[in-house]
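Accompanying notes for the structure given below.
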Amino acid sequence: MFRAVANRLGTTVQASVRSNLFAKPQTAAATVRHVTYVPQSDEEFDDSCVAYLTRPTITGWQIRSFITHQHGEDLVPEPKVISAVLKACRKVNDYALAVRYLESVQEKAKADTAIWPYIVQEIRPTLDELGVFTPEEHGYDTPELYLVDTEDIH
């Protein structure tokens, strides 16, 4: 029995090697990908973000994916996009994500000191409606444990 299996395996390998040695070279068809880029205005971009976030079937993973993608962009989001993210976080009942998102927006707004107060002023009605506090109201702007430098006591 073993001899029969070995014999069949040997003939199969020989046939495979012969067919590969004498086969014509095959050329692979080149795949061309046609991507059309249509530039969007700022308003269209913001509206598409809000439309994505206000879908009734949005999940927490999709919100996190959106936030990660948006944080990688070189922009500070508009207040209406921030409000849409906060409402989406409320929809999936994720308060921590909402506060972390506000922290990331605050970090991105550090380039200009006038941006963050403007954003807070514009999203204040949404914050009050949802019961979400800003990072400053949580006390995240000051260190929790501040230790006096022992080298500078006297």
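The values are calculated or read from the model by the stated rules, or taken from the named source; none is laboratory data. Nothing here was measured: the structure is a model prediction, and the numbers come from that model. Glycine gets a Cβ as well: all are built from the backbone with ideal geometry, and neighbour counts include every protein chain shown. The area values use the complete protein model at the heavy-atom level, side chains included, leaving out ligands, DNA and RNA. Shrake-Rupley method; radii C 1.70, N 1.55, O 1.52, S 1.80 Å.
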Requested in this report: Would you point out the residue of the range 88-104, among those that are free of Cβ contacts under 8 Å to residues at least 24 places away in the same chain and on the phi < 0 side of the Ramachandran plot, that is surrounded by the fewest Cβ atoms within 10 Å (Cβ to Cβ)?
Outcome: Ala96
Query raised in the report: Mind checking which residues of the range 105-140 are assigned to a loop (DSSP other than H, G, I, E, B) and either open to solvent by less than 100 Å² (accessible area, probe 1.4 Å) or touching a Phe, Trp or Tyr at 6+ places or on another chain (Cβ under 7 Å) (or both)?
Result: Asp112, Ala114, Gly131, Val132, Thr134, Gly139
Report task. Would you mind finding the one in Asp74, Asp46, Asp42 that is of a type in the set (Asp, Glu) and surrounded by 16 or more Cβ atoms within 10 Å (Cβ to Cβ)? Result -> Asp46
Query raised in the report: When the range 94-125 is examined, which residues are found to be polar (S, T, N, Q) and either within 16 Å of the chain's Cα centre (by Cα) or at pLDDT 95 or above (or both)?
Result: Ser104, Gln121
Query - Boolean, Pro143 is surrounded by fewer than 16 Cβ atoms within 10 Å (Cβ to Cβ), more than 15 Å from the chain's Cα centre (by Cα) and at pLDDT 95 or above - result: no
Report task. Tell me which of these Val85 doesn't satisfy, since it passes every other one: (1) open to solvent by less than 50 Å² (accessible area, probe 1.4 Å); (2) in a helix (DSSP H, G or I); (3) touching a residue at least 40 places away in the same chain (Cβ under 8 Å). Result -> (3)
